[in-house]
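Enquirer: Let me give you the structure first, and then I'll get to my questions.
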Amino acid sequence: MHLALLLSLGAAAVANAAISRNIIYFDQWHTTELPPKNLTGAVTHVMMSFANSSLFAAQPAGKYKPFQSIKQVRQLFDHELNVCLSIGGWNDNSGFDEGVKTSSSRERFAKNIASTVDRLGFDCIDIDWEYPGGNGQDYKQVPNCKKRNEIKAFPLLLKEIKKYIGRKELSIAVPGLERDMIAYTSAETPRINESVDFINVMTYDLMNRRDNHTTHHASIEGAASAIKRYISLGFPASKLAIGIPFYAKWFTTKNGYTCNQPIGCPTEPLEDELDGSDTGKSGSMTFEATNFAAPPAKLAITPDNTCGVRAGFKCAEGSCCGESGWCGSTPAHCGTGCHFAYGKCDGIDISSSFHQALKNGYTDEEKGAQWYWDAKTRIFWSWETPELIQKKISFLADTYGIKSVMAWALAQDSNDWSHLKAMQKGFVGVNT
């Protein structure tokens with residue numbers, strides 16, 4: 001059956017069931033190449049990402065300005081759906097840390113969110129405080145022992161938010177690794193559940209820069225482990241949505257090791273031992289079109305120091321086009337992630353390694369994951385194929401009754417939309 005017809009049938013099925021959700025995060029950094037409407041007919045929620053949490057902790061509140069209007073976002077789809085405001089993100093802790101502290105700060109935080117939602121016309125709120133209780137980006141500066149109060153205060157904050165937004169839906173994004181589920185105790189999870197309408201489980205980034213041995217960043221086994229844990233803590237399966245990443249992750253392995261298996265190969269230090277900052281030995285690559293585009297035969301030298309595929313310029317001779325798309329001569333510009341076709345580079349050609357991985361990757365049938373080790377660069381790659389996405393959705397629906405899905409992020413699969421198509425097909429399949 002044609003995918004567009006499948007999606008139209010899926011949208012009708014979901015409308016009738018009124019319980020399964022098909023959620024896509026729409027981030028402010030990827031807004032140009034968006035999927036055609038015939039591929040998104042079953043999407044039920046779009047999460048505009050992100051509003052900084054500090055805006056809502058302040059008094060008076062800071063004024064959030066969306067990167068697109070609600071009307072513009074709705075026009076990206078050919079059916080009615082929920083447009084939600086997502087607050088937070090991986091590196092956003094400070095506003096939450098302040099907002100959760102006291103009953104008055106929680107009330108202020110909640111009121112500020114409610115007034116913003118009403119002013120802009122959002123249908124729902126997503127709290128993307130990924131690490132309440134500790135293990136956030138600042139865990140070296142603010143140790144977990146100083147955030148223990150957040151474990152009991154987090155449910156109170158959610159309760160206050162739900163009180164002020166009323167009938168609008170409230171969701172949370174939660175970590176996929178058990179070591180990060182600090183706030184989700186057997187005592188507090190039922191209290192959290194009372195306030196939230198659904199939970200977006202980040203069943204990806206299951207390997208990150210805090211690890212020192214390789215494993216899959218996304219897998220069927222890893223997703224099942226996270227889902228099983230959250231159900232055991234008290235979240236109903238009907239509220240859980242499984243996460244799907246539209247990106248691959250890479251990690252540098254230690255010299256002198258041959259990594260013929262995906263699990264357990266030692267890595268270089270991926271974060272600074274003292275402050276937890278990125279060492280540049282790991283990263284990610286999305287499946288967006290710019291990461292597959294060949295550079296033009298003739299490139300002009302940049303007039304404004306921007307460079308790379310998006311800018312369409314190369315750097316002046318002797319200058320490097322850094323991962324950020326700016327020319328320079330620092331190690332950050334010239335090292336790992338540097339764009340080889342757009343200037344001088346001293347580091348590893350991540351783009352070439354990425355395409356080699358996609359061409360020659362292996363499927364870990366036992367874990368349900370895709371991987372590749374580039375012996376020349378010592379780069380370990382981990383990602384999900386479209387086939388594995390469908391298998392993951394089907395397995396978790398059959399095993400745990402999970403029929404909702406979530407993806408990061410809308411425009412990050414623009415090369416051929418194959419991961420988005422697989423997600424939509426899998427979602428429709430378990431809901432019809």
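Enquirer: Being within 20 Å of the chain's Cα centre (by Cα) and not in a strand (DSSP E or B) is the filter; apply it to the stretch 246-275 and report the residue that is surrounded by the most Cβ atoms within 10 Å (Cβ to Cβ). Show your work before the answer.
Expert: Taking the stretch 246-275 as the starting set, the residues that turn out to be within 20 Å of the chain's Cα centre (by Cα) are 246-251, 270-271.
Right, trim to not in a strand (DSSP E or B) and you get 246, 270.
Details: Phe246: 28, Leu270: 19.
Among them, the one singled out is Phe246.
Enquirer: Sort through Ser195, Ser219 and tell me the only one that's surrounded by 23 or more Cβ atoms within 10 Å (Cβ to Cβ), touching a Lys or Arg at 6+ places or on another chain (Cβ under 6 Å), of a type in the set (S, T, N, Q) and on the phi < 0 side of the Ramachandran plot. First the steps, then the outcome.
Expert: Working: Ser195 fails: surrounded by 23 or more Cβ atoms within 10 Å (Cβ to Cβ).
None of the others qualify; the one that does is Ser219.
Enquirer: Which one of the conditions (1) within 25 Å of Gln137 (Cβ to Cβ); (2) touching a helix residue (DSSP H, G or I) at 6+ places or on another chain (Cβ under 7 Å) does Glu268 fail to meet, given that it meets all the rest?
Expert: The number of the failed condition is (2).
Enquirer: Are any residues in the stretch 138-195 touching a helix residue (DSSP H, G or I) at 6+ places or on another chain (Cβ under 6 Å), outside any helix (DSSP H, G or I) and within 22 Å of Asn22 (Cα to Cα), and if so, which ones?
Expert: Residues satisfying the conditions are Leu170, Gly176.
Enquirer: I would also like to ask the following. Please go through the stretch 193-207 and pick out each residue that is of a type outside the set (Phe, Trp, Tyr) and touching a residue at least 40 places away in the same chain (Cβ under 8 Å).
Expert: Residues of the stretch 193-207 that are of a type outside the set (Phe, Trp, Tyr), as a first pass: 193-197, 199-203, 205-207.
Result: Asn193, Ser195, Val196, Asp197, Ile199, Asn200, Val201, Met202, Thr203, Asp205, Met207.
Enquirer: Identify all residues within the stretch 293-324 that are surrounded by fewer than 17 Cβ atoms within 10 Å (Cβ to Cβ) and within 24 Å of the chain's Cα centre (by Cα); write none if there are none.
Expert: Selection gives Ala293, Arg310, Ser324.
Enquirer: In addition: Say we look at the stretch 202-245 and pick out the residues that are acidic (Asp, Glu) and not in a helix (DSSP H, G or I); which of these is nearest to Ser404 (Cα to Cα)?
Expert: Restricting attention to the stretch 202-245, the residues satisfying the condition of being acidic (Asp, Glu) are 205, 211, 221.
Next, only the ones that are not in a helix (DSSP H, G or I) stay: 205, 211.
Values: Asp205: 19, Asp211: 29 Å.
For the stretch 202-245, the residue satisfying everything is Asp205.
Enquirer: If we keep just the residues of the stretch 334-390 that are of a type in the set (Val, Ile, Thr) and surrounded by fewer than 17 Cβ atoms within 10 Å (Cβ to Cβ), which is nearest to Cys259 (Cα to Cα)? Write out each step before concluding.
Expert: Of all residues in the stretch 334-390, those of a type in the set (Val, Ile, Thr) come to 336, 348, 350, 363, 377, 379, 385, 389.
Of the ones still in play, those that are also surrounded by fewer than 17 Cβ atoms within 10 Å (Cβ to Cβ) are 363, 385.
Details: Thr363: 15, Thr385: 21 Å.
Ranking the qualifying residues of the stretch 334-390, first place goes to Thr363.
Enquirer: Between a first residue in the stretch 290-314 that is touching a residue at least 24 places away in the same chain (Cβ under 8 Å) and in a loop (DSSP other than H, G, I, E, B) and a second residue that is buried (at least 19 other Cβ atoms within 10 Å of the Cβ) and basic (Lys, Arg), which pairs have beta carbons less than 7 Å apart while being 6 or more apart in sequence or on different chains?
Expert: Leu299/Lys314; Thr302/Lys314; Cys307/Lys314
Enquirer: Checking the structure you have, find out if any residue of the stretch 13-31 is modelled with pLDDT of 90 or more, small (Gly, Ala, Ser), buried (at least 19 other Cβ atoms within 10 Å of the Cβ) and within 30 Å of Lys101 (Cβ to Cβ).
Expert: Of the stretch 13-31, the ones modelled with pLDDT of 90 or more are 20-31.
Next, from what is left, pick out any that are small (Gly, Ala, Ser): 20.
Restricting the remaining residues to those that are buried (at least 19 other Cβ atoms within 10 Å of the Cβ) gives 20.
Remaining after also requiring within 30 Å of Lys101 (Cβ to Cβ): none.
No, the stretch 13-31 has no match at all.
Enquirer: State the number of residues belonging to the stretch 351-386 that are farther than 15 Å from Ser282 by Cβ and among the aliphatic types (A, V, I, L, M).
Expert: 3
Enquirer: If you check every pair at least six apart or on different chains, which have Cβ atoms under 6 Å apart with a residue in the stretch 226-242 that is touching a residue at least 24 places away in the same chain (Cβ under 8 Å) first and a residue that is among the acidic types (Asp, Glu) second?
Expert: So the pair list comes out as Arg229/Glu178.
Enquirer: Looking at (1) at pLDDT 95 or above; (2) farther than 23 Å from Tyr25 by Cα, which is the only condition Lys140 fails?
Expert: (1)
Enquirer: Might you let me know whether the stretch 247-254 holds any residue that is more than 19 Å from Gly335 (Cβ to Cβ) and touching a strand residue (DSSP E or B) at 6+ places or on another chain (Cβ under 9 Å)? Steps first, answer last, please.
Expert: Of all residues in the stretch 247-254, those more than 19 Å from Gly335 (Cβ to Cβ) come to 247-248.
Going one step further and asking which of them are touching a strand residue (DSSP E or B) at 6+ places or on another chain (Cβ under 9 Å), we end up with 247-248.
Yes.
Enquirer: Considering the stretch 64-106 alone, what residues qualify as being more than 19 Å from Lys37 (Cα to Cα) and without any contact (Cβ under 8 Å) to a residue 24 or more places away in the chain?
Expert: Within the stretch 64-106, Lys65, Thr102, Ser104 qualify.
Enquirer: Give me a count of the residues in the stretch 123-144 that are buried (at least 20 other Cβ atoms within 10 Å of the Cβ) and among the β-branched types (Val, Ile, Thr).
Expert: Of the residues in that region, 2 qualify.
Enquirer: Another one. Does Ala316 satisfy the condition of being at pLDDT below 95, of a type in the set (A, V, I, L, M, F, W, C) and over 22 Å from Ser277 (Cα atoms)?
Expert: On the way: at pLDDT below 95: no; of a type in the set (A, V, I, L, M, F, W, C): yes; over 22 Å from Ser277 (Cα atoms): yes.
In short, no.
Enquirer: Buried (at least 17 other Cβ atoms within 10 Å of the Cβ) and not in a helix (DSSP H, G or I) - does that describe any residue in the stretch 115-122? Walk me through how you get there before you give the answer.
Expert: The initial filter retains those residues of the stretch 115-122 that are buried (at least 17 other Cβ atoms within 10 Å of the Cβ), namely 116-117, 122.
In the following step, the residues that additionally are not in a helix (DSSP H, G or I) were identified as 122.
Scanning the stretch 115-122, I find at least one residue that is buried (at least 17 other Cβ atoms within 10 Å of the Cβ) and not in a helix (DSSP H, G or I), so the answer is yes.
The values are calculated or read from the model by the stated rules, or taken from the named source; none is laboratory data. Only a predicted model underlies this, so the values are computations on that prediction, with no experimental measurement involved. All Cβ positions, even for glycine, are placed from backbone atoms using ideal geometry, and neighbour counts span all protein chains on display.
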